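Engineer: Pasting a structure below so you can have a look.
The values are calculated or read from the model by the stated rules, or taken from the named source; none is laboratory data. As the structure is a computational prediction, the values presented were derived from the model and not from experiment. Neighbour counts run over all protein chains shown; Cβ positions are idealised from the backbone, glycine included.
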Amino acid sequence: MSQQIKAPDISYLWLWQLGRIQQAQGKPEKAIYSYLEAVNLIGSLSQDIASVGREFQFSFQNSIEPVYRELVSLLLETTPPGNSISQNNLSQAINVIESLKVAELDKFFRADCVDIVTRKIDEIDPSAAVIYPIILKDNLHVIVSKPNQPLVHHQINVSQTEVEATIKQLSEALVIRSRRDFYEPGQKLYNWVIRPIAEEINPEQIKTLVFVPDGSFRNIPMATLYDGEKYLIETYSIAITPGLKLLSDKSIKQLDLKVLAGGLTEERYGFSPLIYVADEIATIQSETASKVLLNEDFTNQLIRQKLEFTNYPIVHFATHGQFSSQLDETFILAWDSRINILELDSLLTEKTLTGRTPIELLILSACQTASGDNRATLGLAGMAVKAGARSTVGTLWSVNDQASSELMSQFYRFLNQKQLNKSEALREAQLKLLNTSLFRHPFYWSPYILVGNWL
């Protein structure tokens, strides 16, 4: 009946239940088919999610996400002992995880707003590997996609509870500048995620690791995974993407570095002054062709005017802001108001309506993820996708003002060297800070993450 009246919000629940019954009956192939049908229906629901109702929107973690995760578990954990998982199952598992990322962002925006293009890593960057760490109830799975190679899979017998506890331990340790408690959880995570695939990501062939982080992995900088001697960033450039389906493949090396730079140095609306923003902006001016909007000039109206009449491949905002799992709490601070993510989308996409090219790089150098919100990086991923920028650089916590100024200065210097792409330029800037006595602690250099296109 639900199918006859075209009620996908009922039909997917029916198929989900059928899949669970088939799994309990020991019929994994039939269960996988039912789950796939349920996931496809959820995908069709995204087009109408804004009108389905608030109650549905906020039940995502209970009635949507489990469908995807249980399907991934079926694909990865029903193979008979001693047998390797088929390439078809691995490929389907990746596709389901990527579809989950799209569904999360659709739910975040309460609308179907994410453009999807299926891509393979060999179409984007022959020297990159995409790593999918997937947290399931009783195991951690790592799938690696490399150009023109079969998918590689490794399973670690560690519970979701232990994985999330270790990630939380690392996250909390990284922000305490007076202590060095981050080495142990950083090494444990390295041993789980990276060490088993070390041969597959030989740095002689693989230069960039692109993570599609699952669950709590979104809350930590993957750059701080530690092998006992050095951080992961010391070997590879690192990028984050919600998924290859959400990626553009143009390289910044093809562009002139023309920047619209804006920011606040003074206290506004209870937010503390950012003294070193002036130095950061001055460095941008010295390294690039730029237009600056500082303090009283950094207003909603002036930002809109500059973007409407001039093409800026790079937009750099050095101001307070927050990424949250709640749409209304994801914003940046201008002189005259908060600009939430939908208003920012309106500002930044104004230029595309007049035939100009999309923004290549959006930099938010003083924003942070909302404390206590374990899904806050949805806001960062959402900012990256919704703002129409091919790439976004954001920060996972409230950064040191002086360190931010220094890192951004180095970032632009390296970006100006046309042989470096965005992830390589960010890595070199982070290494500069890491190799100084003043900013050696990862609190200073590691919160900066590149989301989206790394080229």
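Engineer: Within segment 222-260, how many residues turn out to be of a type outside the set (A, V, I, L, M), assigned to a helix (DSSP H, G or I) and modelled with pLDDT of 95 or more?
Structural biologist: Going through segment 222-260 one residue at a time, the tally reaches 2.
Engineer: I'd like to verify a number: residues in segment 1-35 that are in a helix (DSSP H, G or I) and not aromatic (Phe, Trp, Tyr), how many?
Structural biologist: Counting residues in segment 1-35 that are in a helix (DSSP H, G or I) and not aromatic (Phe, Trp, Tyr) gives 20.
Engineer: While we're looking at this one, here's another question. I'm checking my understanding of the structure. Among residues of segment 291-325 that are touching a residue at least 40 places away in the same chain (Cβ under 8 Å) and in a loop (DSSP other than H, G, I, E, B), which one is nearest to Gly262 (Cα to Cα)?
Structural biologist: Thr319
Engineer: Counting just the residues of segment 272-290 that are crowded, with 18+ Cβ neighbours inside 10 Å and without any contact (Cβ under 8 Å) to a residue 60 or more places away in the chain, which one comes out farthest from Ser404 (Cα to Cα)?
Structural biologist: Looking at residues that are crowded, with 18+ Cβ neighbours inside 10 Å and without any contact (Cβ under 8 Å) to a residue 60 or more places away in the chain, I get Ser290.
Engineer: When you go through Tyr269, Tyr231, Tyr236 one by one, which is the residue that is over 18 Å from the mean Cα position of the chain (by Cα), of a type in the set (Phe, Trp, Tyr) and surrounded by 21 or more Cβ atoms within 10 Å (Cβ to Cβ)?
Structural biologist: Tyr231
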